[in-house]
Amino acid sequence: MFAKNLKAYSVYLLFRFVFSLAVSMATVLSIVYYLEVVQLDAFQLVLVGTVLETS
């Protein structure tokens with residue numbers, strides 16, 4: 001019984017790690033996109049970040 005719980009916990013930790021990594025990478029890629037493609041300045045980045053966080 002304990003081994004089954006340990007395996008479930010390991011899968012849970014792996015899932016959380018992969019999900020956190022994916023969210024972090026998506027955030028960095030969106031910031032790079034805003035800087036390089038859209039060419040936003042610092043103030044515009046703050047405005048976009050504020051709108052995205054409040055929605």
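The values are calculated or read from the model by the stated rules, or taken from the named source; none is laboratory data. None of these values were measured; they are calculated from a predicted model. Each accessible area value is taken on the protein alone, full model and side chains, heavy atoms only, with ligands, DNA and RNA left out. Shrake-Rupley method; radii C 1.70, N 1.55, O 1.52, S 1.80 Å.
Can you tell me the orientation of helix 2-36 relative to the chain, as the angle in degrees between its alpha-carbon axis and the longest Cα principal axis, to the nearest 10? Rounded to the nearest ten degrees, it is 10. Protein heavy-atom accessible surface, 1.4 Å probe, per residue over region 2-55: 91 Å².
Here region 1-44 exposes an accessible surface that is 74 percent carbon and sulfur, computed with a 1.4 Å probe and the other protein chains kept in place. Over the residues of the chain, the helix contribution to mean residue ellipticity at 222 nm works out to -31000 deg cm²/dmol, using -39500 (n - 2.57) for each DSSP H run of at least 4.
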